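The values are calculated or read from the model by the stated rules, or taken from the named source; none is laboratory data. Just so you know, these numbers come straight off a predicted model, no measurement behind them. Glycine gets a Cβ as well: all are built from the backbone with ideal geometry, and neighbour counts include every protein chain shown. Heavy atoms of the whole protein, side chains included, go into the accessibility calculation; ligands, DNA and RNA do not. Shrake-Rupley method; radii C 1.70, N 1.55, O 1.52, S 1.80 Å.
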Protein chains: 2
Amino acid sequence: MITLSEVAKRAQVTAATVSNVLRNREKVHPETAERVLKAIAELGYRPNLNARALKKGRSSTLALMLSNIANPFYPEFVLAAERAARSAGHFLLVCNTDDDAKVGQAYLNQIAGTFADGVLVMNTDIAFNEFCTSTMQSVPILLTMWERPEAPPALPCIAVDFARAGALAAAHLLELGHRDIGMLIGDGCGGLQNARSDGFLAVLRAAGIETDAAAVLQIRDSIDAGYAACMQLMANRPQLTAIFATNDLLAIGAAQALITLRRTVPDDVSVIGITDIQLAHQVHPALTTVAIQTAAVAELSVDRLIRLIQTPDQQPSMVLAPPPELVVRASTGPRRAASS
Amino acid sequence: MITLSEVAKRAQVTAATVSNVLRNREKVHPETAERVLKAIAELGYRPNLNARALKKGRSSTLALMLSNIANPFYPEFVLAAERAARSAGHFLLVCNTDDDAKVGQAYLNQIAGTFADGVLVMNTDIAFNEFCTSTMQSVPILLTMWERPEAPPALPCIAVDFARAGALAAAHLLELGHRDIGMLIGDGCGGLQNARSDGFLAVLRAAGIETDAAAVLQIRDSIDAGYAACMQLMANRPQLTAIFATNDLLAIGAAQALITLRRTVPDDVSVIGITDIQLAHQVHPALTTVAIQTAAVAELSVDRLIRLIQTPDQQPSMVLAPPPELVVRASTGPRRAASS
């Protein structure tokens, strides 16, 4: 494959100049441009995906802004989004805003209308959402993983019914006979994951079960935090027979803590999470969880962002992602008759 | 904080035009430029990090190309690299090449000399390294996580002494009395991780121990592959008392397999990896590993890339990262007298 660099070398210009000639974006001296076009013809250079996309008057580079690349959920989303973007002829650049709205604003300032022709913003905090709204005039922005479909934001978004995810987890534990249930609520990048816990509690209440405040902890969403919180939870309430965590990292940390406490999962205590990250099936015992179908949401998000760039006026303000689904593995089981 | 978008709105231009005025990069109509500068003055707009960096004639945006964002090692590197870049006044854009050299080439074509003023390329295959060499004329490229310091590439690089990492793992297992040791060699994005296994085997051989070929498996570096390979290894050689894996994912998968086989870690079988990803201390039992000090390597890489951009002629062709270090946790212990 002939590369842009080889064209540049033959034409004795920089790669940027070749790129500018292909894009007609900056004034290139006519003699230089002719030399570049001659080199392209002689070498039989085929412009890459990007150049082709530009020819059609389409944008070519998307950006994905996420808050915490160290949380394994985000890399899984990136992987699927990058593949979806590329198969549609677009590049995807990823910006990690490090859980800091100011950093997010700096990146958005940097990329809006220059590098990126459209930006996907993953669940962030309210301050940043407001900033996105003010930037929307210079570049199309699509929020994704919006957790509350019943309260749409001012920007176009892809919403996931996280309350339903919580409800499915509750129904599963109730069906297994659990009544003494602890809750670990993650305080994630988009704020407290309370759409999930609200959905969970609604089902419990409908069944006539009230969760004691002492059996609920709010913590950062990491394995380490889930571990520490579960130790505390079991010290507070040793009679618990199940733990619901609003995300898999917390649930995995909780299961590790139970091993340390020599409580068997699921015979003594059942554990369930939400998300279905890769690690959920890789730990032992494999984690029961509610899958939010990360790859499908990523693909939908990329598809909708491209539409938003191409025909902004024809797009719905909110699109609902496929519904979450219960995935039963080895970490949940019937409440033991002995423990009550 | 006044944003670029607000300036654009007041001056009735796009954000891209404001950006162009700040950079003097494209011809902006003088009247338009004056309107933009007036808006900047009236609003008291302070250009962001990027604009300030550009004023000093410094580049502002770095790119990091990696092959497999789904492998948890990479997000940890990204996190540290992004923080290092930002604290030096640079943005970092991440490209996931999805383990495909052709995709890597397309990204590099896209970003070289346009979006990015310098590119960090993480351990990739030989074909891609050659491509990088041909692109080096249009943008500074620094390879990082180069696994064989004794054989430097044609490009500037940051090398990690992975043979030493393997040697440290071997010395640790020998000291604990292990003689029947299985090996899981990862076939990673940069090819077979044989610098690590060579370092390991050299120490074993120096101690008069030959590893049987049947106790060595070469596999993709993932938890799932480590799990499957360990099942196979223990079926082939039930007398093994220790397993060395060239990376933590394989080691974690192996430990999970041993649990399934009801072999206790470390009483029956010790397990050791290389890298020290976050997960290594989060699993139960916590994994003994050789830390390659990911964050330190990421910071060094960013620092060296910036120098390469600023003063390309004064930079050494290879810089050695801080040496790997043994981190003893709970997954390794003395060989039991019973098993021999």
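The selection criterion, being more than 30 Å from residue A:116 (Cβ to Cβ) and open to solvent by 50 Å² or more (accessible area, probe 1.4 Å), holds for residue A:336. Taking residues in the stretch B:299-325 that are without any contact (Cβ under 8 Å) to a residue 60 or more places away in the chain, and partners anywhere that are open to solvent by less than 50 Å² (accessible area, probe 1.4 Å), the pairs with Cβ atoms closer than 7 Å and at least 6 places apart or on different chains are B:307/B:315; B:322/B:296. Contact annotation: residue pairs with Cβ atoms under 8 Å, 6 or more positions apart or on different chains, pairing a residue in the stretch A:195-215 that is in the same structural domain as residue A:243 (by TED's automatic domain parsing) and closer than 8 Å to residue A:170 by Cβ with a partner that is open to solvent by 20 Å² or more (accessible area, probe 1.4 Å) and β-branched (Val, Ile, Thr), are A:201/A:211; A:204/A:211. Going by the conditions given, is residue A:93 modelled with pLDDT of 75 or more and under 16 Å from the mean Cα position of the chain (by Cα)? It is true that residue A:93 is modelled with pLDDT of 75 or more and under 16 Å from the mean Cα position of the chain (by Cα).
Is it the case that residue B:195 is within 14 Å of another protein chain (Cβ to nearest Cβ), open to solvent by less than 30 Å² (accessible area, probe 1.4 Å) and either more than 30 Å from residue A:9 (Cβ to Cβ) or among the β-branched types (Val, Ile, Thr) (or both)? Walk me through it before giving the result.
Working: within 14 Å of another protein chain (Cβ to nearest Cβ): no; open to solvent by less than 30 Å² (accessible area, probe 1.4 Å): yes; either more than 30 Å from residue A:9 (Cβ to Cβ) or among the β-branched types (Val, Ile, Thr) (or both): yes.
Considered against the rule, which asks whether it is within 14 Å of another protein chain (Cβ to nearest Cβ), open to solvent by less than 30 Å² (accessible area, probe 1.4 Å) and either more than 30 Å from residue A:9 (Cβ to Cβ) or among the β-branched types (Val, Ile, Thr) (or both), residue B:195 comes out as no.
Return yes or no: is residue B:187 of a type in the set (D, E, K, R), open to solvent by 10 Å² or more (accessible area, probe 1.4 Å), away from chain A (no Cβ under 14 Å) and free of Cβ contacts under 8 Å to residues at least 40 places away in the same chain? Here the answer is yes, as residue B:187 does meet what is asked. Taking each residue of the stretch B:261-279 that is within 19 Å of residue B:183 (Cβ to Cβ) and looking for partners that are of a type in the set (D, E, K, R) with beta-carbon atoms closer than 6 Å, six or more apart or interchain, yields B:269/B:263; B:273/B:248; B:274/B:196; B:275/B:248.
Okay, residues lined up against (1) open to solvent by 10 Å² or more (accessible area, probe 1.4 Å); (2) at pLDDT below 95; (3) assigned to a strand (DSSP E or B); (4) within 11 Å of another protein chain (Cβ to nearest Cβ):
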site	(1), (2), (3), (4)
A:57	yes, yes, no, no
A:71	yes, yes, no, yes
A:77	no, no, no, yes
A:80	yes, no, no, yes
A:99	yes, yes, no, yes
A:104	no, yes, no, no
A:108	no, yes, no, yes
A:128	no, yes, no, no
A:133	yes, yes, no, yes
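Of the residues that make up the stretch B:317-324, is at least one in the same structural domain as residue B:82 (by TED's automatic domain parsing), at pLDDT below 95, over 17 Å from the mean Cα position of the chain (by Cα) and not in a loop (DSSP other than H, G, I, E, B)? No, the stretch B:317-324 contains no residue that is in the same structural domain as residue B:82 (by TED's automatic domain parsing), at pLDDT below 95, over 17 Å from the mean Cα position of the chain (by Cα) and not in a loop (DSSP other than H, G, I, E, B).
When residue B:62 is tested against (1) modelled with pLDDT under 90; (2) buried (at least 23 other Cβ atoms within 10 Å of the Cβ); (3) more than 10 Å from chain A (Cβ to nearest Cβ), just one condition goes unmet, and that condition is (1). Within the stretch B:267-301, if we keep just the residues that are of a type in the set (Val, Ile, Thr) and farther than 15 Å from residue B:324 by Cβ, the residue that is nearest to the other protein chains (Cβ to nearest Cβ) turns out to be B:283. The single condition among (1) at the interface with another protein chain (Cβ under 9 Å from one of its Cβ atoms); (2) at pLDDT below 85; (3) open to solvent by 40 Å² or more (accessible area, probe 1.4 Å) that residue A:38 does not meet is (1). Here residue A:84 meets the list (1) open to solvent by less than 10 Å² (accessible area, probe 1.4 Å); (2) touching a helix residue (DSSP H, G or I) at 6+ places or on another chain (Cβ under 7 Å); (3) more than 7 Å from every other protein chain (Cβ to nearest Cβ) almost entirely, failing just condition (1).
Please enumerate the residues belonging to the stretch B:135-152 that are hydrophobic (A, V, I, L, M, F, W, C) and either more than 14 Å from chain A (Cβ to nearest Cβ) or open to solvent by 30 Å² or more (accessible area, probe 1.4 Å) (or both).
If we filter the stretch B:135-152 for residues that are hydrophobic (A, V, I, L, M, F, W, C), which is where we start, we get B:136, B:139, B:141-143, B:145-146, B:151.
If the condition is that a residue be hydrophobic (A, V, I, L, M, F, W, C) and either more than 14 Å from chain A (Cβ to nearest Cβ) or open to solvent by 30 Å² or more (accessible area, probe 1.4 Å) (or both), then B:136, B:142, B:143, B:145, B:146, B:151 are the ones that fit.
The residue that is nearest to residue A:285 (Cα to Cα), among those in the stretch A:217-266 that are out of contact with any helix residue (DSSP H, G or I) (no Cβ under 8 Å at 6 or more places or on another chain), open to solvent by 40 Å² or more (accessible area, probe 1.4 Å) and away from chain B (no Cβ under 11 Å), is A:262. Of all residues in the stretch A:148-158, those being within 26 Å of residue A:244 (Cα to Cα) and at pLDDT below 95 number 4.
Taking the stated definitions as given, is residue A:274 open to solvent by less than 20 Å² (accessible area, probe 1.4 Å) and among the β-branched types (Val, Ile, Thr)? Spelling it out, residue A:274 is indeed open to solvent by less than 20 Å² (accessible area, probe 1.4 Å) and among the β-branched types (Val, Ile, Thr). Kindly check whether there is at least one residue in the stretch A:302-309 that is more than 30 Å from residue A:234 (Cα to Cα), within 12 Å of another protein chain (Cβ to nearest Cβ) and open to solvent by less than 40 Å² (accessible area, probe 1.4 Å). No, because not a single residue in the stretch A:302-309 is more than 30 Å from residue A:234 (Cα to Cα), within 12 Å of another protein chain (Cβ to nearest Cβ) and open to solvent by less than 40 Å² (accessible area, probe 1.4 Å).
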